[in-house]
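Reviewing the structure listed below.
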Amino acid sequence: MKKYIAALCVVGLLSSCNDYAVLEKNPNLPTSVPAELTLRTVLSNMNEGAWNDAMRSNQFYCSNYNYYSSNEYNWSAASLQFTTLKNVIKMEEEAIRSGAKAVNPYAAVGKFLRAYYYTKMTLAVGDLPVKDALKGLTVDQPTYDTQKDVFVQILKWLEDANTDLTTLIAASDKSLTGDIYYNGDLSKWQKAVNTLKLRVLVHLSKKADDTDLQVKQQFVNTISNPTKYPLMTSNDEALQYVWSSNNKYPRNPDNFGNNATRENMSKTYIDILKENNDPRLFIVAEPAEAKIKAGIPATSVAAYEGASSGEDLADMSTKVLKGEYSFQSRKRYYSNYVGENTFILSYSEMCFNIAEGINRGWATGNAQNWYEQGIKSSMSFYGAALPANYLTQSSVQYKGNNTEGLTQILKQKYVAFFQNSGYEAFYNQRRTGIPSFLIGPGTGNGTKIPKRFQYPQSEFTTNKTNVEAALKRQFTDGKDDINYDFWILK
């Protein structure tokens, strides 16, 4: 009898073990998420906002009150988007699980998202895991690919995304939902893909002669074949985040008391507008109070003054109290909750990128037309009327496909990046030296403008061998230093 009872107990225990995997599942929690919901989240994560750390590093504005922030470039670890990329993979898997074909809108946009996020990450830190990345427990310590190989893969993703979208558009596929930017319009996504490709190619300007990357040939192919590689044609096709009363613009009536007068305009940005008698100046900034008291009219560019990002913060604060510097336009940026749309990829940037490539001799074409179109589209975004003589004044009139003309393109592109596109203004300045960034005790870091961010500390905890190998490959002393040049800058 005792043996019989013991046998029953053993059977019961074994049965319980077999059922454990089922019993541990919570029936009230979902085991999968529809692809369109994941897409919505991933796309929302692309918005980098405005009036933030990136925009101070871009020297568009300055903090004058150290309780909230400073203007220092004492950078540390970058925020890498591997978690977001894992969600991209899950989105693609859920689309297939729900019956989508191998070539489907989620997969095509997924390739664009891979290219976008990897571009963002490699421009921040350098080498990254690609081939071994995002494999979960299969490869929990991925090796690092060189920055060159990262860009090779980025360009391949963009080429494949363009090819897939061509197929889907021809088939009149309307199955993409959860799209907060283009409402499922694949033709606009295809233009965004190729606009990002031009951005990537221009970032590779120092590697234009690399035979593996084929920067010049890819640039020519992209701008000369609009049937195969359609591009944006107006601001309406820009990839841009639209704010609302639920997702409030960073400057709005709720935080007026926090920062409306604790931030002032940067001299780097303001001086370019002043030099060009630019009407955007009167839209984005306010005249300095001291200038108005001195009798200078608010309609004169001389009434506007930006502070150097390198100025000692205590000195800047004192001068602000004396009314010596311009604030951001409180009427424009604090009147409501929706503010202005924030570009992720703009039509203006695309125009300037094409103008730059032509100026550099990568392709034939009219760089002046693209340069002027970039200016006009940026003016249009602000609702600014283009003055009759704006394009013909000496500081703006295109000087030709030479160094002076390139400087003009780069300065106007910098102006068009104001409060959008994340660190793109910084990365373009880092690559070209245009415009000159102002330095001093206020910028910290030994008055140096850094070249990169550090790798996250988590990499040294969970993937120490591989991240250290990547550092030794990139830098002679193997240090994770923010002031070191990496491959793309050499």
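Inside the stretch 318-331, can you point out the residues that are crowded, with 17+ Cβ neighbours inside 10 Å, of a type outside the set (A, V, I, L, M) and part of a helix (DSSP H, G or I)? Result: LYS319, single match.
Of everything in the stretch 401-423 that's open to solvent by less than 40 Å² (accessible area, probe 1.4 Å) and not in a helix (DSSP H, G or I), which residue is farthest from GLU263 (Cα to Cα)? Filtering first and then ranking leaves SER421. Total residues in the stretch 433-465 satisfying the condition of being outside any loop (DSSP other than H, G, I, E, B) and under 25 Å from HIS203 (Cβ atoms): the figure is 4. Specify which of the listed residues (TYR414, TYR390, TYR382, TYR423) is out of contact with any Cys (no Cβ under 6 Å at 6 or more places or on another chain) and more than 21 Å from ASN277 (Cα to Cα). Just a single option satisfies the conditions, and that option is TYR423. Is it the case that the stretch 149-156 has a residue that's of a type in the set (Lys, Arg), assigned to a helix (DSSP H, G or I), free of Cβ contacts under 8 Å to residues at least 60 places away in the same chain and open to solvent by 50 Å² or more (accessible area, probe 1.4 Å)? Yes, the stretch 149-156 contains a residue that is of a type in the set (Lys, Arg), assigned to a helix (DSSP H, G or I), free of Cβ contacts under 8 Å to residues at least 60 places away in the same chain and open to solvent by 50 Å² or more (accessible area, probe 1.4 Å). Please work out if PHE426 is out of contact with any Phe, Trp or Tyr (no Cβ under 8 Å at 6 or more places or on another chain) and assigned to a loop (DSSP other than H, G, I, E, B). When the stated conditions are applied, PHE426 does not pass them. In contact (Cβ under 8 Å) with a residue 24 or more places away in the chain, hydroxyl-bearing (Ser, Thr, Tyr), more than 30 Å from ALA260 (Cα to Cα) and not in a helix (DSSP H, G or I), is that true of TYR398? So TYR398 passes the test.
Restricting the stretch 63-89 to residues that are open to solvent by 90 Å² or more (accessible area, probe 1.4 Å) and not in a loop (DSSP other than H, G, I, E, B), the residue that is farthest from GLN190 (Cα to Cα) is THR83. When the stretch 374-390 is filtered for residues that are in a loop (DSSP other than H, G, I, E, B) and open to solvent by 30 Å² or more (accessible area, probe 1.4 Å), the ones remaining, listed by number, are GLY383, ALA385, LEU386, PRO387, ALA388, ASN389. Applying the criterion of being β-branched (Val, Ile, Thr) and more than 21 Å from the chain's Cα centre (by Cα) to the residues of the stretch 90-127, the residue that is most open to solvent (accessible area, probe 1.4 Å) is ILE96.
Restricting the stretch 166-181 to residues that are outside any helix (DSSP H, G or I) and aliphatic (A, V, I, L, M), the residue that is surrounded by the most Cβ atoms within 10 Å (Cβ to Cβ) is LEU176.
Put simply, of SER205, SER234 the only residue that is of a type in the set (Gly, Ala, Ser), over 20 Å from TYR333 (Cβ atoms), in contact with a helix residue (DSSP H, G or I) (Cβ under 9 Å, 6 or more places away or on another chain) and surrounded by 15 or more Cβ atoms within 10 Å (Cβ to Cβ) is SER205.
All of THR227, THR163 fail the test of being without any contact (Cβ under 8 Å) to a residue 12 or more places away in the chain and outside any helix (DSSP H, G or I), apart from THR227.
Only one of the listed residues (THR443, THR462, THR476) is in contact (Cβ under 8 Å) with a residue 24 or more places away in the chain and surrounded by fewer than 21 Cβ atoms within 10 Å (Cβ to Cβ). That residue is THR462.
Suppose we keep only residues that are part of a helix (DSSP H, G or I) and touching a Lys or Arg at 6+ places or on another chain (Cβ under 8 Å) within the stretch 230-255. Which one would you say is modelled with the lowest pLDDT?
ASP254
The values are calculated or read from the model by the stated rules, or taken from the named source; none is laboratory data. Not measured: the values here are computed from a predicted model. Using ideal geometry, Cβ is built from the backbone for each residue, glycine included, and neighbour counts are taken over all protein chains shown. Each accessible area value is taken on the protein alone, full model and side chains, heavy atoms only, with ligands, DNA and RNA left out. Shrake-Rupley method; radii C 1.70, N 1.55, O 1.52, S 1.80 Å.
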